[in-house]
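> One structure coming up, written as structure tokens, with questions to follow.
The values are calculated or read from the model by the stated rules, or taken from the named source; none is laboratory data. Treat the numbers as computed from the prediction; the structure is a model and nothing was measured. Every residue, glycine among them, receives a Cβ derived from its backbone with ideal geometry; neighbour counts consider all protein chains shown.
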Amino acid sequence: MDYRERMKELRTALNENGYRYYVLDAPTMSDYEYDLLNRELEELEAAHPEEITPDSPTQRIGGKTLQGFSPYTHEVPLESLQDVFNAEEVSDFCRRMAESLGSGAVYSLEPKVDGLSVALEYRDGVFVRGGTRGDGRVGEDVTENLKTVRSIPMTLPEKLPRLIVRGEVYMARSVFEEINARRELQGKPLMANPRNAAAGSLRQLDSKIAAERKLDIQVFNLQLAEGRTFSNHAETLEYLKSQRFKVIPHKTLSTPGAVQSEIERINDERQDYPFDIDGAVVKVNSLSDREKLGSTAKFPKWAVAFKYPPEKKPSTVTDIVVQVGRTGVLTPRAVLTPVRLAGTTVTSATLHNQDYIAEKDIRVGDTVIVQKAGEIIPEIVEVDLARRPEGTRPYFLPEKCPVCGAPVVRDEDGAALRCTGAECPAQLLRNLTHFASRDAMDIDGCGPAVVQQLVESGLIRNAADLYSLHEQDVAQLDRMGAKSAENLIAAIGRSKANDLSKLLYGLGIRQVGEKAAKVLSSHFKTLDALCAADEAELTEINDVGAVTAREIVEYLAQPQSRDLIARLRAAGVNMESTAELVDERFAGMTFVLTGTLTRFDRKGATSLIEERGGKAATSVSKRTTYVVAGEAAGSKLKRAEELGIPVLTEDDFAALLE
């Protein structure tokens, strides 16, 4: 077969399966088969790049890093809707429509997706660009990121000269929970809610990140269709469905009573949708009637958005339990008598931290009012003090970790309490992932997924256990095999020779990052010498403050920490500094890097400074020795000029290094 025909055949098969998988939820081939065909297409496109077409599934992967987003002017404004909050206001809207249009007014009703509104533009059936709503008239061009949304068709069956549709990009709740679980494991801040996660993902300057976030869309309006005419909204949605868009569920209704009943039904079943909703949208169905009604300065007169109030119900706190998260934070949860809220049965609510408990004075035995924050997370709104039983006592979080018994400390910059145990089972996945990471012990092939398998299979219980693994044990893990196991064991073996600084960073001592680990390694030379140091000696070191010194001493004094270090030592892990300073010409100097560097990357330049005994800071002060300014340097350069700090070009900096 001619390669052009084969490429066309592959595109057709892959796009068809993509449509069935992401829109219809009924794929026609396995993931393995899809990956094989996609690989074949990638190889053909690499050999014949002139044959790559816009509808190729390979163009969705996200590979462009943008400098910023260009403005996107909406030819048809993306109007916002007037909110209504109760049945009476819905009835008033229907009454106004009946008076303006006659008693035969017909309505279309759909759930209001809590996401980010966008416009998608097609020319001759090909997706050409898309933008966010912005102020309704001008948004941001996010075309490259929209291409990564698999449920958005790149080409349409009917090749209209121009077609513009409006939809809501969202992150499914299941995807949101999966990403947050992964971020928690990696020690990264958690995303607040699916809506913010979707908005942040769609506005990523790196489209690869947007592609990883698995965004989805519900299309709910036809903005413009050259060469086509329609009589009503429901007809346009059915047409869009025929063009392979994922279209919002909708119903056509003819009476105010039916409208109200449908609003209530959507509310009752809102948890059944894969996306979050914050209301229901009521629209006049007839397009000619919409044109007749027109719009105010702010809203169309032919539609309203009913906003669901958070449902509140009483429950009883039967117990308060403490969970230890993967980052060591102690999170109290109230165990509640079961109560039905927003379509689900709630049996517990997070109490966040000690300050939250004290502020609301929540006690075991209290009757409390519960609602779902953001319609997702159960929370206690208030305590019904009139129904408080006699003999209840204020609740205080434990002083020792309920999992491992190690002391608990309060974060310096917040209300969180954190376990200090180096071998706490609750923190095992996070600690091991950090230990094996590139900037720590740099064990190639030992990422979060492999660590999780090693823990769940019982092969490791702490970082030292990594060094007693055998190839035959590792080879039994999912997706490993003999060669991968051999490579992993070899990488673990190589890590034994790492510099002390990488071990110090890998231990996960609070306040000790890569830079502090290098300073400590260079100063003390051996881990034994560091263990013998007290807070006073540590604070004499440049870049080690009182808080960091206390964290180091407390960590190294813990029995769990001493046990882990002893096991690592027995496994043959190096505990001495192997790095030598190139020279000390930058000793006592502080550099600030600003702007876009073209000769050096930021991390590499920082390493060069530190290797010569200097310090790289992030802000300019009177103690700054030099500011190295690249292209488009901003406020830091201005601050340096105000303070009279010498400013170096990259060439000047290179000369200093030489």
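> For region 466-486: of the residues being closer than 24 Å to Cys424 by Cβ and hydroxyl-bearing (Ser, Thr, Tyr), which is surrounded by the fewest Cβ atoms within 10 Å (Cβ to Cβ)?
Top of the filtered list is Ser468.
> Right, next: Can you confirm whether region 369-388 contains a residue that is more than 30 Å from Gln271 (Cα to Cα), at pLDDT below 95 and either of a type in the set (Asp, Glu) or surrounded by 21 or more Cβ atoms within 10 Å (Cβ to Cβ) (or both)?
The answer is no; no qualifying residue exists.
> Please work out which residue is nearest to Lys622 (Cα to Cα), limiting yourself to region 633-646 and to residues that are free of Cβ contacts under 8 Å to residues at least 40 places away in the same chain and surrounded by fewer than 17 Cβ atoms within 10 Å (Cβ to Cβ).
Result: Leu643.
> When the residues of region 255-290 are filtered to those that are of a type in the set (Lys, Arg) and either touching a His at 6+ places or on another chain (Cβ under 9 Å) or modelled with pLDDT of 95 or more (or both), which remaining residue is nearest to Val84 (Cα to Cα)?
Checking each candidate, the answer is Lys283.
> Any idea how many residues of region 543-599 are of a type in the set (Val, Ile, Thr), over 30 Å from Ala490 (Cβ atoms) and exposed (fewer than 14 other Cβ atoms within 10 Å of the Cβ)?
Quick first cut of region 543-599, residues of a type in the set (Val, Ile, Thr) only: 544, 547-548, 552-553, 565, 573, 578, 582, 590, 592, 594, 596, 598.
When the remaining residues are screened for being over 30 Å from Ala490 (Cβ atoms), the result is 544, 547-548, 552-553, 590, 592, 594, 596, 598.
Next, only the ones that are exposed (fewer than 14 other Cβ atoms within 10 Å of the Cβ) stay: 547, 596, 598.
Summing the residues that are of a type in the set (Val, Ile, Thr), over 30 Å from Ala490 (Cβ atoms) and exposed (fewer than 14 other Cβ atoms within 10 Å of the Cβ) in region 543-599 gives 3.
> Does Ser201 satisfy the criteria of being hydroxyl-bearing (Ser, Thr, Tyr) and in contact with an Asp or Glu (Cβ under 7 Å, 6 or more places away or on another chain)?
no
> For region 197-224, what are the residues that are touching a helix residue (DSSP H, G or I) at 6+ places or on another chain (Cβ under 8 Å), under 28 Å from Leu160 (Cα atoms) and not in a helix (DSSP H, G or I)?
Leu215, Asp216, Val219, Phe220, Asn221, Leu222
> Okay, next question. Can you confirm whether region 256-270 contains a residue that is touching a strand residue (DSSP E or B) at 6+ places or on another chain (Cβ under 8 Å) and not in a helix (DSSP H, G or I)?
Within region 256-270, none of the residues are touching a strand residue (DSSP E or B) at 6+ places or on another chain (Cβ under 8 Å) and not in a helix (DSSP H, G or I).
> Kindly evaluate Leu202 against the criterion of being assigned by TED's automatic domain parsing to the domain that holds Ala280, surrounded by 16 or more Cβ atoms within 10 Å (Cβ to Cβ) and at pLDDT 95 or above.
no
> Taking strands (runs of 3 or more DSSP E) that fall entirely within region 113-196, which contain at least 1 residues that are of a type in the set (Phe, Trp, Tyr) and closer than 17 Å to Phe245 by Cα?
Of the strands (runs of 3 or more DSSP E) lying wholly inside region 113-196, those with at least 1 residues that are of a type in the set (Phe, Trp, Tyr) and closer than 17 Å to Phe245 by Cα span 116-123, 126-132, 162-170.
> Select, from Pro77, Pro54, the only residue that is at pLDDT 85 or above, outside the structural domain of Ser254 (by TED's automatic domain parsing) and in a loop (DSSP other than H, G, I, E, B).
Pro77
> Can you name the residue in region 238-255 that is touching a strand residue (DSSP E or B) at 6+ places or on another chain (Cβ under 7 Å) and part of a loop (DSSP other than H, G, I, E, B) and is also nearest to Val113 (Cα to Cα) among such residues?
Step by step, filter region 238-255, then rank; the result is Ile248.
> Let me ask something else about it. Within region 197-214, can you find the residues that are under 9 Å from the mean Cα position of the chain (by Cα) and closer than 21 Å to Lys112 by Cα?
Ala197, Ala198, Gly200, Ser201
> For Lys360, only one of the following conditions fails: (1) free of Cβ contacts under 8 Å to residues at least 24 places away in the same chain; (2) under 26 Å from the mean Cα position of the chain (by Cα). What is its number?
Here Lys360 meets the rest and fails (2).
> Checking Ala463 against (1) surrounded by fewer than 22 Cβ atoms within 10 Å (Cβ to Cβ); (2) at pLDDT 90 or above; (3) of a type outside the set (Ser, Thr, Tyr), which single condition isn't satisfied?
(1) is the only condition that Ala463 fails.
> From the residues in region 176-198 that are surrounded by 15 or more Cβ atoms within 10 Å (Cβ to Cβ) and in contact with an Asp or Glu (Cβ under 8 Å, 6 or more places away or on another chain), which one is farthest from Leu120 (Cα to Cα)?
Looking at the filtered set, the residue picked out is Asn193.
> Ser561 passes all but one of (1) over 19 Å from Asn498 (Cβ atoms); (2) modelled with pLDDT of 90 or more; which number fails?
(1)
> Has region 487-500 got any residue that is touching a strand residue (DSSP E or B) at 6+ places or on another chain (Cβ under 6 Å) and either on the phi < 0 side of the Ramachandran plot or surrounded by fewer than 17 Cβ atoms within 10 Å (Cβ to Cβ) (or both)?
For region 487-500, residues touching a strand residue (DSSP E or B) at 6+ places or on another chain (Cβ under 6 Å) and either on the phi < 0 side of the Ramachandran plot or surrounded by fewer than 17 Cβ atoms within 10 Å (Cβ to Cβ) (or both): present.
> Follow-up question, since we're still on this one. Please work out which residue is farthest from Tyr356 (Cα to Cα), limiting yourself to region 390-413 and to residues that are in contact with an Asp or Glu (Cβ under 8 Å, 6 or more places away or on another chain) and surrounded by 10 or more Cβ atoms within 10 Å (Cβ to Cβ). Please lay out each step first, then the result.
Of the residues in region 390-413, the ones in contact with an Asp or Glu (Cβ under 8 Å, 6 or more places away or on another chain) are 392, 394, 404, 407-409.
Of the ones still in play, those that are also surrounded by 10 or more Cβ atoms within 10 Å (Cβ to Cβ) are 392, 404, 407-409.
On the way: Thr392: 18, Cys404: 24, Pro407: 21, Val408: 18, Val409: 17 Å.
Filtering first and then ranking leaves Cys404.
> Got at least one residue in region 403-424 being more than 30 Å from Ile266 (Cβ to Cβ), in a loop (DSSP other than H, G, I, E, B) and among the polar types (S, T, N, Q)?
Scanning region 403-424, I find at least one residue that is more than 30 Å from Ile266 (Cβ to Cβ), in a loop (DSSP other than H, G, I, E, B) and among the polar types (S, T, N, Q), so the answer is yes.
> Identify the residue in region 92-116 that is of a type in the set (Gly, Ala, Ser) and either at pLDDT 95 or above or at positive phi (or both) and, among all such residues, is surrounded by the most Cβ atoms within 10 Å (Cβ to Cβ).
Residue satisfying both the conditions and the ranking: Ser108.
> Regarding Val149, is this residue touching a strand residue (DSSP E or B) at 6+ places or on another chain (Cβ under 7 Å) and assigned by TED's automatic domain parsing to the domain that holds Ile217?
yes
> Glu168: crowded, with 22+ Cβ neighbours inside 10 Å and either within 25 Å of Ile277 (Cα to Cα) or out of contact with any Cys (no Cβ under 6 Å at 6 or more places or on another chain) (or both), yes or no?
yes
> Checking the condition among the polar types (S, T, N, Q), touching a strand residue (DSSP E or B) at 6+ places or on another chain (Cβ under 8 Å) and under 19 Å from Gln323 (Cβ atoms), which residue from Asn431, Asn353 passes?
Only one candidate passes the filter, namely Asn353.
> Which ranges mark the helices (runs of 4 or more DSSP H) fully within region 565-658 that have 2 or more residues being farther than 25 Å from Val519 by Cα? Walk me through how you get there before you give the answer.
Working: elements: 602-611, 635-643, 650-657.
Counting at least 2 such residues, we get 635-643, 650-657.
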